[in-house]
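Structure, as structure tokens:
The values are calculated or read from the model by the stated rules, or taken from the named source; none is laboratory data. Just so you know, these numbers come straight off a predicted model, no measurement behind them. Positions of Cβ are backbone-derived with ideal geometry, glycine not excepted, and every protein chain shown enters the neighbour counts.
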């Protein structure tokens with residue numbers, strides 16, 4: 001009986017020694033989830049477009065155009081810049097659609113940037129043609145005189161105080177950049193610049 005007990009004890013010790021000395025299966029070893037050497041820090045600043053000097057209703061038109069994009073709307077952030085007083089050079093609403101179309105054709109031939117504003121009939125901007133937004137009264141007066149010398153007889157200016165906005169476009173793609181450049185060209189007196197801004 002003692003021999004049997006001694007045999008079983010030695011067998012158990014041998015099995016324990018064997019299992020502890022054999023290397024564990026590699027698949028059971030858990031790989032580290034984080035690899036510090038592969039971590040890349042993102043830059044705090046990214047390339048962006050800053051599109052400024054958009055007053056109502058120019059900003060409203062810009063919003064409408066951006067909303068029509070199939071992709072890229074998530075790159076655009078809109079900020080208010082408070083109210084500003086400026087001199088608005090424009091052509092007041094004309095008598096009918098024919099006269100308005102004729103005036104727009106003349107502006108195109110003269111290569112004068114302009115914006116035909118479609119609002120609702122109750123709005124004073126309705127069917128006006130915006131030509132420039134200038135901070136200086138004498139600049140506005142000179143611009144109107146120059147327009148009249150080119151045959152744009154209905155050009156005039158007046159002082160306005162309106163809310164002004166800016167659009168910041170972070171990490172723009174080539175397509176978004178092209179879209180914004182085209183829009184800025186269509187909207188006189190806005191300012192578009194390439195700059196850097198915070199990632200968030």
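Structure notes:
- Within the stretch 85-97, being surrounded by fewer than 16 Cβ atoms within 10 Å (Cβ to Cβ) and at pLDDT 90 or above holds for 85, 92.
- Considering residues of the stretch 185-200 that are modelled with pLDDT of 85 or more and buried (at least 18 other Cβ atoms within 10 Å of the Cβ) only, the residue farthest from residue 130 (Cα to Cα): 192
- Selection status of residue 75, within 26 Å of residue 198 (Cα to Cα), buried (at least 16 other Cβ atoms within 10 Å of the Cβ) and in contact with a strand residue (DSSP E or B) (Cβ under 9 Å, 6 or more places away or on another chain): yes
- Taking every residue in the stretch 147-169 that is without any contact (Cβ under 8 Å) to a residue 24 or more places away in the chain and pairing it with any residue that is part of a helix (DSSP H, G or I) and buried (at least 17 other Cβ atoms within 10 Å of the Cβ), at least 6 positions away or on another chain, the pairs with Cβ-Cβ distances below 9 Å are 153/147.
- Output for the stretch 70-123, where each listed residue is touching a helix residue (DSSP H, G or I) at 6+ places or on another chain (Cβ under 6 Å), under 27 Å from residue 49 (Cβ atoms) and part of a loop (DSSP other than H, G, I, E, B): 72, 114
- In the stretch 132-157, the residues that are in a strand (DSSP E or B), within 21 Å of residue 191 (Cα to Cα) and either in contact with a helix residue (DSSP H, G or I) (Cβ under 7 Å, 6 or more places away or on another chain) or at pLDDT 90 or above (or both): 132, 134, 157
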